[in-house]
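Just below is one structure, and these are the notes that go with it.
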Amino acid sequence: AIVVGAGFTGLYMLHRLRQAGLTTRLYEAGDGIGGTWYWNRYPGAACDIESLEYSYSFDEALQQEWKWSSRFARQPEILEYMNHVADRFDLRRDIQLDTRVTSAVFDESACVWRIATHRGDAVSARYCVMATGCLSTPKPIEYPGAERFRGRLLRTQAWPREGVDFTGLRVGVVGTGSTAIQCIPIIAAQARQLTVFQRTPNFSIPAGNGPMDPDYERRTKANYQALRAIERDSDVGICARLPPDTRRAMDVSAEEREAEYERRWAAGGLYFYCSFVDLMTDKQANDTVTAFVQRKIREKIKDPALAELLVPTDYPFGAKRICADTGYYETFNQPHVRLVDVKRAPIREITEQGLRVGDEEHTFDAIVFATGFDAMTGTLMNLDIRGRGGVQFADCWQHGPRNLYGLMTAGFPNMFMTTGPGSPSVLYNMVLGNEYHVDWIMDCIEYLDRHGCRTIEPTPAAEAAWRRTVDDIGRQTLFGNASSWYMGDNVPGKPRVVLPYLGGFRAYKKTCDEEAARGYPNFALT
Ligand code: NAP
C-alpha cells in the first residue's frame, strides 16, 4: 500500500497496514511529519479541542503515558506528540519525507496504482490511501502585486520554522478566521502598529486554556476507555468536560437557556457549541445562542462603532466554523490596533509599501495572510489522479465532490480518501474521525483478502444517492445561511455544495458499520 500524508491519519494508517502484513510506504511532502501541525506553526497555533480528547485512542498505553502540559495543546506540543508516536511505533522506516506525490494512475490490466513523486520515485501498490487532510491546500493570495512588496510577506500555513519577531514593526493581517483570531493577539503584543483586514466577522468563544489540571487528568485517564466509547457514540466527539446537552433549546425556559449558555461559556472552548441539540437545525433556537454570543462580544469592546464591525449580525452562530480565542476581541481596545472592513472597500492590490484598500494605501513592514484553504477538495483535485479509462479525478469532481461516505469514488478502485467530503470530518473530533476511517479501511482490505477480491469501488448509483442524502441533510440545517468554506464559498469559482456530512457522527458511523457488516452492498467488488 501507499499512504500519502504523514498527519494524524497517515501515521495510524501506516501502523495498521503494517500490522496487517502489507508492505507499505508513506510519502510526505514536508520535511517532517505532522501534516497540519507541521505546516501551521504561526504564533498562537493551538487546538480548540482538549488535548485529552484530541489525541489517539487506539493504544491504551500511549494515551495513559503521554502527558499533556495544557488543557488545549499548542502546536509545538502536538507536533512533539506526533513525533513521539512515530518513534514509539517505529513508523519512520517506512516514511519518505520531503517527497511530494505528483501522480497516481490506476493500471487496469495489472490492477495496481502507479505512483510517481517529484523525486522520481515510481512505485506500484494495490491500495492507495490519500491521507491528505481537509485543510492542507492554502488559498493562493488573491491580489496582484505580491512580488512587489518590499517588506516581509508571511502565510500562516507555511510559517518560518525559526519564527518571526514582530517587535517594533508595522504589521497587517488579512483574515479573521480561526487562524487569524489565534495569532492576532500575539502579533499585537509585539508590533508597533497592527492593522487587521476583516471581510466577515466571526463568532469566537473564549478558549479558557491553561495548565493541565492534574486531578482532571487523573480522573479522565482513570476512565479513558469509557470516555472514548462515549465520544465514538456522539455527534461531535468532544465530551470530557461537558457532555453534549440532549435538550432542545426552546424546550427549556429562557432562564435555563441562559444558565446553560453561561455555564458553557465559562467552561471555554468548543463545548459551547454543544449547548443544545437543535442549534443548527432550528432558527428560533439558533437566534437565542446568536443573541447570547453577540452580547458577550459587545461587552468586550469599548468602542461601540468598533463593536458593530466585530459582531457578526448577518448569519447564524455556528454556520461558519466557530473560533476559540485568547483575548481576541480585547486586542482591538488597544490604541495601536486598527480594524479595516474590507467588505465595504476591498483590498485591491499589494504595493511596494503595503496594501491598497479602496483608495487608501496602508504601509507595512510585514503582511500576514491568514486567508484559509481550498478546504476538503482542493488537495485531491490538484493531484494528477487518473482512474479507470484514464479519467481524471479533478474532472470527476468539477461540479462538486462525488464519493460514497467520504471514503471512495467510483472509477478509482482501491483508492481510499480519509475524512473526505460527505463524511462528518471537520465537524467531529478529527483524530477520532481519522481513526474510524483507518479502521473502516482496514476492515475493508481484510474483507477483500478473505474473499479473494482484487478491487473495490462504490457503485455510481450509491454514490449519487449518498450525495442526495448529504444535500438533503444539509438543507435541514442552517449551514447554508452563511458564506463559508463548509459550502465551498471561500474559493472563487468553487461549486457551492455542502462539504461535510451534517447528520452527526453517530448516524454516519451506523451507516458505514452496516455497509461493512452487510458485505459492502453499495460497492462493486471484483
Ligand atoms: P478561514 O476560516 O477560511 O478564514 C480565512 C479568513 O480570511 C476569513 O476571515 C476570510 O474572510 C478571509 N479571507 C479569505 N480570502 C479573503 C480575501 N480575498 N480578502 C479578504 N479576506 C479574505 O481559514 P483559517 O482561519 O485558516 O481556518 C480554517 C480552518 O482551520 C478553521 O475553520 C478550523 O476548522 C481550522 N483551524 C482550527 C484551529 C483550532 O483548532 N483552533 C485553528 C486554526 C484553524 P471570509 O470569512 O469573508 O471568507
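Apart from one condition, VAL470 fits all of (1) touching a residue at least 40 places away in the same chain (Cβ under 8 Å); (2) open to solvent by 40 Å² or more (accessible area, probe 1.4 Å); (3) not in a loop (DSSP other than H, G, I, E, B); the exception is (2).
Applying the criterion of being part of a loop (DSSP other than H, G, I, E, B) and in contact (Cβ under 8 Å) with a residue 12 or more places away in the chain to the residues of the stretch 444-467, the residue that is least open to solvent (accessible area, probe 1.4 Å) is THR455.
Scanning the stretch 64-82 for residues that are polar (S, T, N, Q) and surrounded by fewer than 18 Cβ atoms within 10 Å (Cβ to Cβ) returns GLN64, SER69, SER70.
Only one of these is within 16 Å of the ligand (Cβ to nearest atom) and either open to solvent by less than 20 Å² (accessible area, probe 1.4 Å) or closer than 30 Å to GLY21 by Cβ (or both): TYR501, TYR520. Name it. Show your work before the answer.
Numbers: TYR520 fails: within 16 Å of the ligand (Cβ to nearest atom).
The match here is TYR501.
With the stretch 320-421 as the region, which helices (runs of 4 or more DSSP H) entirely inside it contain at least 2 residues that are modelled with pLDDT of 95 or more and within 16 Å of the ligand (Cβ to nearest atom)? Once the helices (runs of 4 or more DSSP H) in the stretch 320-421 are filtered for at least 2 residues that are modelled with pLDDT of 95 or more and within 16 Å of the ligand (Cβ to nearest atom), what remains is 328-331, 378-382. The numbered conditions (1) over 30 Å from ARG321 (Cα atoms); (2) free of Cβ contacts under 8 Å to residues at least 40 places away in the same chain are all true for PRO76 except (1). Looking across ALA116, ALA86, ALA61, one residue alone is touching a residue at least 60 places away in the same chain (Cβ under 8 Å) and not in a loop (DSSP other than H, G, I, E, B). It is ALA86.
Determine if the stretch 49-63 includes at least one residue that is open to solvent by less than 50 Å² (accessible area, probe 1.4 Å), out of contact with any Cys (no Cβ under 7 Å at 6 or more places or on another chain) and on the phi > 0 side of the Ramachandran plot.
Going residue by residue through the stretch 49-63, those that are open to solvent by less than 50 Å² (accessible area, probe 1.4 Å) are 49-57, 59, 61-63.
Still in the running and out of contact with any Cys (no Cβ under 7 Å at 6 or more places or on another chain): 49-53, 55-57, 59, 61-63.
Okay, now just the ones that are also on the phi > 0 side of the Ramachandran plot, so none.
No; the residues of the stretch 49-63 include none that is open to solvent by less than 50 Å² (accessible area, probe 1.4 Å), out of contact with any Cys (no Cβ under 7 Å at 6 or more places or on another chain) and on the phi > 0 side of the Ramachandran plot.
For MET280, state whether it is of a type outside the set (S, T, N, Q), surrounded by fewer than 17 Cβ atoms within 10 Å (Cβ to Cβ) and in contact (Cβ under 8 Å) with a residue 12 or more places away in the chain. Give the derivation first.
Working: of a type outside the set (S, T, N, Q): yes; surrounded by fewer than 17 Cβ atoms within 10 Å (Cβ to Cβ): no; in contact (Cβ under 8 Å) with a residue 12 or more places away in the chain: yes.
Against the criterion (of a type outside the set (S, T, N, Q), surrounded by fewer than 17 Cβ atoms within 10 Å (Cβ to Cβ) and in contact (Cβ under 8 Å) with a residue 12 or more places away in the chain), MET280 does not qualify.
Of all the listed residues (ARG506, ARG496), the sole one being open to solvent by 50 Å² or more (accessible area, probe 1.4 Å) and assigned to a helix (DSSP H, G or I) is ARG506. On the basis of being open to solvent by less than 40 Å² (accessible area, probe 1.4 Å), more than 10 Å from the ligand (Cβ to nearest atom) and in contact with a strand residue (DSSP E or B) (Cβ under 8 Å, 6 or more places away or on another chain), does PRO160 make the cut? In short, yes. Residues in the stretch 28-38 that are crowded, with 19+ Cβ neighbours inside 10 Å, over 9 Å from GLN75 (Cα atoms) and more than 11 Å from the ligand (Cβ to nearest atom): 5 in all.
Hey, can you tell me all the residues within the stretch 473-486 that are open to solvent by 60 Å² or more (accessible area, probe 1.4 Å) and not in a helix (DSSP H, G or I)? The answer is GLN476, SER483. If the condition is being away from the ligand (no atom under 11 Å from the Cβ) and in a loop (DSSP other than H, G, I, E, B), then the stretch 172-203 contributes ALA191, ARG192, PHE203. The single condition from (1) in a strand (DSSP E or B); (2) within 16 Å of the ligand (Cβ to nearest atom); (3) within 30 Å of LEU427 (Cα to Cα) that CYS134 fails is (1).
Please tell me if ASP489 is assigned to a loop (DSSP other than H, G, I, E, B), of a type in the set (Asp, Glu) and open to solvent by 30 Å² or more (accessible area, probe 1.4 Å).
Details: assigned to a loop (DSSP other than H, G, I, E, B): yes; of a type in the set (Asp, Glu): yes; open to solvent by 30 Å² or more (accessible area, probe 1.4 Å): yes.
Yes.
Among the residues in the stretch 276-295, are any more than 29 Å from the chain's Cα centre (by Cα) and not small (Gly, Ala, Ser)? Among the residues of the stretch 276-295, not one is more than 29 Å from the chain's Cα centre (by Cα) and not small (Gly, Ala, Ser), which makes the answer no. Annotation note: of GLY177, GLY208, GLY172, the sole residue that is touching a helix residue (DSSP H, G or I) at 6+ places or on another chain (Cβ under 8 Å) and either closer than 16 Å to GLY44 by Cα or not hydrophobic (A, V, I, L, M, F, W, C) (or both) is GLY208. A count restricted to the stretch 138-157 and to residues that are β-branched (Val, Ile, Thr) and either crowded, with 22+ Cβ neighbours inside 10 Å or in a helix (DSSP H, G or I) (or both) stands at 1.
Please verify whether the stretch 399-416 includes one or more residues that are free of Cβ contacts under 8 Å to residues at least 60 places away in the same chain, within 30 Å of ASP48 (Cβ to Cβ) and open to solvent by 10 Å² or more (accessible area, probe 1.4 Å). There is no residue in the stretch 399-416 that is free of Cβ contacts under 8 Å to residues at least 60 places away in the same chain, within 30 Å of ASP48 (Cβ to Cβ) and open to solvent by 10 Å² or more (accessible area, probe 1.4 Å).
The values are calculated or read from the model by the stated rules, or taken from the named source; none is laboratory data. Predicted model, so just to flag it, every value in this text is computed and none were measured. Here Cβ is always computed from backbone atoms with ideal geometry, including for glycine, and neighbour counts include all displayed protein chains. Ligands, DNA and RNA are excluded from the accessible area calculation, which covers all protein heavy atoms including side chains. Shrake-Rupley method; radii C 1.70, N 1.55, O 1.52, S 1.80 Å.
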